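The values are calculated or read from the model by the stated rules, or taken from the named source; none is laboratory data. Since this is a predicted model, take the numbers as computed values, not measurements. Because the Cβ atoms are built from the backbone with ideal geometry, glycine has one as well, and the counts that use them run over all protein chains shown. Just so you know, the surface numbers come from the protein's heavy atoms only, side chains and all, with ligands and any DNA or RNA stripped out. Shrake-Rupley method; radii C 1.70, N 1.55, O 1.52, S 1.80 Å.
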Amino acid sequence: MNTPETPQPPAPGASIRRSRVKGEPRFPDGPKADPAGSHFERRIRSFQPRRSRVTAGQADALQRLWPKWGLDIDGSRTLDLADLFGNDNPVVLEIGFGMGEATAQMAAADPTTNVLAVDVHTPGQGNLLNLADRNGLSNIRVGNGDAIILLREMLTPDSLGGLRVYFPDPWPKKRHHKRRLIQPDFLTLAATRLGPGAIVHCATDWEPYAEQMLDVLTAHPAFENTQADGGFAPRPDFRPLTRFEGQGLDKGHVVNDLLFRRVQHVDQPPAGA
């Protein structure tokens, strides 16, 4: 006599594939597909949403943890960062965290610093939430959406203790250089949200972009290079060597770090000016 088999749960690394009714959200309790919608002006974006499979573990983390540690960047309110994290510790904004391994390592190494990590990659959002939960990292919040809207519409002046931009899309074709994140206008906006002394830390393995970053940051009056020679910085011990970076180094890529400090300027223009 045959007995019915008990359905087995998906393996931790398995992909979630389920038919959804048209219009049904991908994760009802998770990040929205387009949190800001059409409420803000159309402009050239520095990012492209990437669609890829979400594993069972990532999907579970998005459903369980998004209401607790997730944030949709909709531009509809001003954030109280002390309320968001439940303490008054300094907050570092990280724009573009990939799968979140380095973010989690840095948060674990410095539990007195809060990390607001922003990306639009759903599998990465789920993976970082999973890492935070597994390692008891209560100092991480995951933002979904456009970091420009977050900076301009949802953060208050001098509210950030630092900014991290690691391995942003280099947009290598010349006609796409206007899409690069590190531009004068972006730095002017970021400067209004960074407190005096806050560090902007960028890293890239695309040398032409590294040179542009160095030129733009050096020319901006709100920032000063922490390196006496005015050049690139050695990779600091607190930035982990990621798998992606290791693969690039194996291929002969040169990785450049930039560490610039926010200086006080009384004539700093307001955000959005």
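So for the range 160-182 (the condition being over 16 Å from the mean Cα position of the chain (by Cα) and among the β-branched types (Val, Ile, Thr)), does at least one residue qualify? No, the range 160-182 contains no residue that is over 16 Å from the mean Cα position of the chain (by Cα) and among the β-branched types (Val, Ile, Thr). Pro7 falls short on exactly one of the conditions (1) open to solvent by 20 Å² or more (accessible area, probe 1.4 Å); (2) modelled with pLDDT of 70 or more; (3) farther than 14 Å from Ala132 by Cα, and that condition is (2). Considered as a group, the residues in the range 240-257 that are in contact (Cβ under 8 Å) with a residue 24 or more places away in the chain and in a loop (DSSP other than H, G, I, E, B) include one that is least open to solvent (accessible area, probe 1.4 Å), and that residue is Pro240.
Residue count for the range 77-103, restricted to those that are open to solvent by 20 Å² or more (accessible area, probe 1.4 Å) and free of Cβ contacts under 8 Å to residues at least 40 places away in the same chain: 6.
If you take the residues of the range 160-188 that are in contact with a Lys or Arg (Cβ under 8 Å, 6 or more places away or on another chain) and surrounded by fewer than 21 Cβ atoms within 10 Å (Cβ to Cβ), which of them is nearest to Met106 (Cα to Cα)? Once the filter is applied, the top-ranked residue is Pro168.
Could you pull out the residue among Ala108, Ala117 that is without any contact (Cβ under 8 Å) to a residue 60 or more places away in the chain, touching a strand residue (DSSP E or B) at 6+ places or on another chain (Cβ under 8 Å), closer than 20 Å to Ala82 by Cα and of a type in the set (A, V, I, L, M, F, W, C)?
Details: Ala108 fails: touching a strand residue (DSSP E or B) at 6+ places or on another chain (Cβ under 8 Å).
Checking each option against the conditions leaves just Ala117.
One residue is enough: does the range 50-58 have a residue meeting the conditions closer than 24 Å to Gly161 by Cβ and outside any loop (DSSP other than H, G, I, E, B)? Checked the range 50-58: no residue is closer than 24 Å to Gly161 by Cβ and outside any loop (DSSP other than H, G, I, E, B).
Restricting attention to the range 191-239, the residues that are open to solvent by 20 Å² or more (accessible area, probe 1.4 Å), among the β-branched types (Val, Ile, Thr) and within 20 Å of the chain's Cα centre (by Cα) total 1.
Residue by residue through the range 190-229, note down the ones that are of a type outside the set (Gly, Ala, Ser) and in contact (Cβ under 8 Å) with a residue 60 or more places away in the chain. Break it down stepwise before answering.
So the first thing to find is which residues in the range 190-229 are of a type outside the set (Gly, Ala, Ser), and the list is 192-194, 196, 199-202, 204-209, 211-218, 220-221, 223-227, 229.
Of everything in the range 190-229, those that are of a type outside the set (Gly, Ala, Ser) and in contact (Cβ under 8 Å) with a residue 60 or more places away in the chain turn out to be Thr192, Arg193, Leu194, Pro196, Ile199, Val200.
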